[in-house]
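The structure appears below as structure tokens.
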Number of protein chains: 2
Amino acid sequence: MSISMYQASIPVFVRTFSNLAAILKKAAAYAEAKKIDPRVLLDARLAPDMLPLTRQVQIASDSAKGCGARLAAVDVPKFEDNEASFDDLQARIAKTIAFLNSLRPEQIDGSEDREVTIPTRDQPMKFKGQPFLLHFALPNFFFHVTTAYAILRHNGLDIGKMDYLGQP
Amino acid sequence: MSISMYQASIPVFVRTFSNLAAILKKAAAYAEAKKIDPRVLLDARLAPDMLPLTRQVQIASDSAKGCGARLAAVDVPKFEDNEASFDDLQARIAKTIAFLNSLRPEQIDGSEDREVTIPTRDQPMKFKGQPFLLHFALPNFFFHVTTAYAILRHNGLDIGKMDYLGQP
């Protein structure tokens, strides 16, 4: 018995991203209730040279869809990164989840040794599928979702860790 | 081919926690160079009702050792949560990693369906081993490591995501 590459990737991304969608719904309601311009939250950062909330959500999306596509050896869907409202972010999450759910276990299972190349500003990063998933894609995905959570928490949104983890 | 429970847990915790140790070394050097009382960083929070840096590291440790022990069906080692300096946090991380590395693959492999119970303030949470690891322990661990990173970044430490991810 063991874990399949599919089980360790797609349902993990989908679950946590669904939790993030619920957190962003609370953030939109909070902005409305407190008469905060939603842009204030969408553009909020934890440091001047850190990325704002909107980019954290976009990169979490990129990380999840990029991982799913690369493990399945299909093209990574391109999204335009033009989200400018909480509704836009909800749509971004929904289309990311729809893409993830379109990948079938048989496309991803067996990808442990698949060559994965990630383009970067410098040299491309090369991995085998399993270390790519466990030591790069999952940590990176959780990093951006947690940072989105932390930005909202820092800006007064009343959420707790169970919003991030979801109900067991 | 597939991923073993051991591969998806212990080396993932050890790697990310080693990266956090390196980040905390940078934080200690930063405090010294800027003549910041280390307690300012150790007690820093992103919101008045969020936990400070020291607790984030302790809980990341608890999450990792608790997951390893529960999957291996051994007692969870108790640490005293009395860390009061960066050196103390380094020692906490080192003993957490030493415990994780003491667990052998054959103790953890095959724990996919093992019953895992997490005590909480309210009702205990019950899981099977695999969803416990993938949908609770890993997200929880990355949450606290990322929050520690975010607290330091918010307080001016010059680190980037590669410090968190480590070199591939």
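The values are calculated or read from the model by the stated rules, or taken from the named source; none is laboratory data. Quick caveat, the model's predicted, so the values are computed rather than measured. Here the Cβ positions follow ideal geometry from the backbone for every residue, glycine too, while neighbour counts run over all protein chains shown. With ligands, DNA and RNA removed, areas are computed over all heavy atoms of the protein, side chains included. Shrake-Rupley method; radii C 1.70, N 1.55, O 1.52, S 1.80 Å.
Assume the label is 7 Å from Cα along Cα to beta carbon: what separations in nm does residue A:78 have to the matching positions in the other copies?
Going from nearest to farthest copy, the values are 5.9 nm.
Counting alpha carbon pairs within less than 8 Å and at least 6 residues apart, what relative contact order, in whole percent, applies to region A:13-87?
Reported as a whole number, the value is 28 percent.
So for B:144, B:154, A:135, what's the accessible-area order with a 1.4 Å probe, most first?
B:154, A:135, B:144
If a/c stays under 1.5 just call it rounded; otherwise compare a/b with b/c (prolate if a/b is bigger, oblate if not). Do that for the protein assembly as shown, with a ≥ b ≥ c from the square roots of the Cα gyration tensor eigenvalues.
In terms of gyration-tensor shape, rounded.
Within 12 Å, Cβ to Cβ, of residue B:92, how many net charges do the neighbouring residues add up to if Lys/Arg are +1 and Asp/Glu are -1?
For residues surrounding residue B:92, the net value is -3.
First check a/c for region B:36-81, with a ≥ b ≥ c the square roots of the eigenvalues of its C-alpha gyration tensor; if it is under 1.5, answer rounded, and if not, answer prolate when a/b is larger than b/c or oblate otherwise.
Judged from the Cα gyration tensor, region B:36-81 comes out prolate (a/c at least 1.5, a/b above b/c).
Between the label point of residue A:49 and that of the same position in each other copy, find the distances and list them shortest first in nm, with every label point placed 7 Å from Cα along the Cα-to-C-beta direction.
Copy-to-copy label distances for residue A:49: 3.4 nm.
Highest GNM mean-square fluctuation, chain B, Cα pairs closer than 10 Å: which of B:122, B:49, B:88?
In the Gaussian network model the winner is B:122.
Between residue B:159 and residue B:73, what is the label-to-label distance in nm when each label sits 7 Å out along the Cα-to-Cβ direction?
Taking the two extended label points, one gets 3.7 nm.
Specify the inter-centroid distance of region B:89-103 and region A:1-29, based on alpha-carbon positions, in whole Å.
For region B:89-103 versus region A:1-29, the Cα centre distance is 29 Å.
Highest GNM mean-square fluctuation, chain B, Cα pairs closer than 10 Å: which of B:70, B:153, B:45?
B:153
Whole number please: convex hull volume per residue of the Cα set in region B:46-168, in Å³?
Residue-normalised Cα hull volume stands at 134 Å³.
With a 1.4 Å probe and every protein chain left in place, tell me how much accessible area residue A:80 has, in Å² to the nearest 10.
Accessible area, nearest 10 Å²: 150 Å².
If we hang a label 7 Å off Cα along the beta carbon direction at residue A:94, how far is it from the matching labels on the other copies, in nm, shortest first?
Reported distances to equivalent positions: 5.3 nm.
Please compute the contact order of region A:1-131 in relative form: average sequence separation of alpha-carbon pairs under 8 Å and at least six residues apart, divided by the residue count, as a percent.
Reported relative contact order: 28 percent.
Mind pulling the angle between the C-alpha long axis of helix B:10-33 and the longest principal axis of chain B? Nearest 10 degrees, somewhere in 0 to 90.
The helix B:10-33 is inclined about 10 degrees to chain B.
Using protein chains only and a probe of 1.4 angstrom, how many square angstrom of residue B:3 are accessible, to the nearest 10?
Solvent-accessible area, nearest 10 Å²: 0 Å².
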